[in-house]
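Everything below concerns the one structure shown next.
No lab work stands behind these numbers, since they all come straight from the coordinates. No experiment lies behind these values; they were computed from the predicted model shown. Here Cβ is always computed from backbone atoms with ideal geometry, including for glycine, and neighbour counts include all displayed protein chains.
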Ligand SMILES: NC(=O)C1=CN([C@@H]2O[C@H](COP(=O)(O)OP(=O)(O)OC[C@H]3O[C@@H](n4cnc5c(N)ncnc54)[C@H](O)[C@@H]3O)[C@@H](O)[C@H]2O)C=CC1
Ligand SMILES: CCCCCC(=O)/C=C/[C@H]1[C@H](O)CC(=O)[C@@H]1CCCCCCC(=O)O
C-alpha cells in the first residue's frame, strides 16, 4: 500500500464537486495538494479553507483551463517549484455540453491526455522520475452508452481506452507509473443539473425523461463515497490499468473480456 504522508498530489477541476472531495481525502491522508481549476474565485476560497483545516501551505490553487496546453504546462512548472515533486495526478475536470461538443472533447478527453502526459514525463523512471500514480476520472458512461449525451459518452469511452492502453505501455516499458480510471454512476454534484439544461444538452433535451429513469436505476452517489474509490486506486500498489465502477449498490473493478464476445454472422 502506498503511504500518502509527504506525497504531492495534483487534482484538476478541484474547486467543487468530485475534485474538491478528492483533494480533501488526499489531504486527510497526509498528502499536499495542488488544486487546479478554471474557476479562480472558488479555487482561491477553497485554498484558504483547506489551509485553515489541514495546515498552512498544504494546499495551493492554480488557475488552469485544462483545454490550454500552455496554462497546464506553466502551472505544472510552478507546482514543481513550490512542492518539489508530483507523485499523484488526478485528471478530474469535465463538463457536459453536447451543443459545444468540440469544447467537451477538448476538456474531457484532450485535457486528460494533456495532464497524463505532463505527469508521466515527470514521473517516468526512464526520465529519472520517482514513479507515481495517475487516476483519470471517466464515468459509467465510459463503459455503456448514455443516450442523452453521445459526445460526453464518447469522451468517457476515450478516457477508459486511453488509460488502459497507457497502463499497458507502462507495464511493458516499465515506466514505474500506475494509471487507473474511475467510472462512477451519477454523483450528487452541480454537474448533474446539466441533464436538464437546454444550453448544454441541445437537440437531446427530448431524452430528459429517459435519463431521469436511469437515475432511478442508478441512484446518485455522494462525493464522499466516490472519494474512497479514488483513495483505493491511489494506494493499492497492485492496481494498474484498473477501472473502478461505482454504483449505489456497490463498487467493483471491471473485468474486460480477453476475447471479443461475438455472435457469428454469415458474410
Ligand atoms: N457528477 C456525476 O454524476 C459524475 C461525474 N463524473 C465526472 O467527474 C468529473 C467531475 O465532475 P463533477 O464534480 O460532477 O462536476 P462539477 O461540475 O461539479 O465540477 C467540475 C469542476 O471542473 C471545473 N472545470 C470545468 N471546466 C474546466 C476546465 N476547462 N479546466 C479546468 N477546470 C474545469 C469546474 O470549474 C468545476 O470546478 C467529471 O470528469 C465528470 O465527467 C463521472 C461520473 C458521474
Ligand atoms: C461493471 C460494469 C460496467 C457496467 C456499465 C454499465 O452499467 C453502463 C451503464 C450505462 C448503460 O449502458 C445505460 C446508461 O445510461 C448507463 C450509464 C449511466 C451513466 C451515468 C453517468 C453519469 C455521469 O457521468 O454524469
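For segment 52-133, the gyration tensor built on C-alpha atoms gives an oblate shape. Its axis ratio a/c (a ≥ b ≥ c) is at least 1.5, and a/b is not larger than b/c. For the chain, the ratio of Cα radius of gyration to the globular rule of thumb 2.2 N^0.38 Å stands at 0.99. Against the chain, whose longest principal axis comes from its Cα atoms, helix 223-235 is set at around 60 degrees. In terms of the mean number of neighbouring beta-carbon atoms within 10 Å, the peptides 69-77, 216-224, 18-26, 91-99 order highest first as 18-26, 91-99, 69-77, 216-224. Placing pseudo-labels 7 Å out from each Cα toward the beta carbon at residue 51 and residue 249 gives an inter-label distance of 4.7 nm. Helix 69-83 and the longest principal axis of the C-alpha atoms of the chain enclose an angle of approximately 40°.
Distance between the pseudo-spin-label points of residue 3 and residue 80 (7 Å out from Cα toward the beta carbon): 2.7 nm. Whole angstrom only: what separates the Cα centroid of segment 115-152 from the Cα centroid of segment 204-263? Between the Cα centres of segment 115-152 and segment 204-263 lies a distance of 15 Å. Peptide packing for 159-167, 256-264, 107-115 was compared via the average number of neighbouring C-beta atoms within 10 Å per residue; ordered from the highest value, the list is 107-115, 159-167, 256-264.
Calculate, for residue 259 and residue 222, the FRET efficiency according to 1/(1 + (r/R0)^6) with r their C-beta to C-beta distance and R0 51 Å; round to the nearest 0.05.
Numbers: r = 37 Å, r/R0 = 0.73.
The formula returns an efficiency of 0.85 here.
Centroid-to-centroid, using Cα positions, segment 1-69 and segment 170-188 are 19 Å apart. With everything on Cα atoms, drop me the angle between helix 208-217 and the longest principal axis of the chain, reported from 0 to 90° to the nearest 10. The angle comes out at about 70 degrees.
Sorted largest first, the spans of the alpha carbon positions of segment 50-204 along the three principal axes are 49, 42, 28 Å.
Which shape class, rounded, prolate or oblate, goes with segment 9-56 when its Cα gyration tensor gives a ≥ b ≥ c as root eigenvalues, a/c under 1.5 marks rounded, and past that a/b bigger than b/c marks prolate?
Values: a/c = 1.89, a/b = 1.27, b/c = 1.48.
Since a/c reaches 1.5 but b/c is at least a/b, the shape of segment 9-56 is classed as oblate.
Take the Cα of residue 237, step 7 Å toward its Cβ, do the same at residue 101, and the gap between the two points is 4.5 nm.
Where only DSSP H runs of four or more residues are counted, the chain gives -13000 deg cm²/dmol as its mean residue ellipticity at 222 nm, each run worth -39500 (n - 2.57). Only beta bridges with both residues in the chain are counted; by DSSP, about 10 percent of them are antiparallel.
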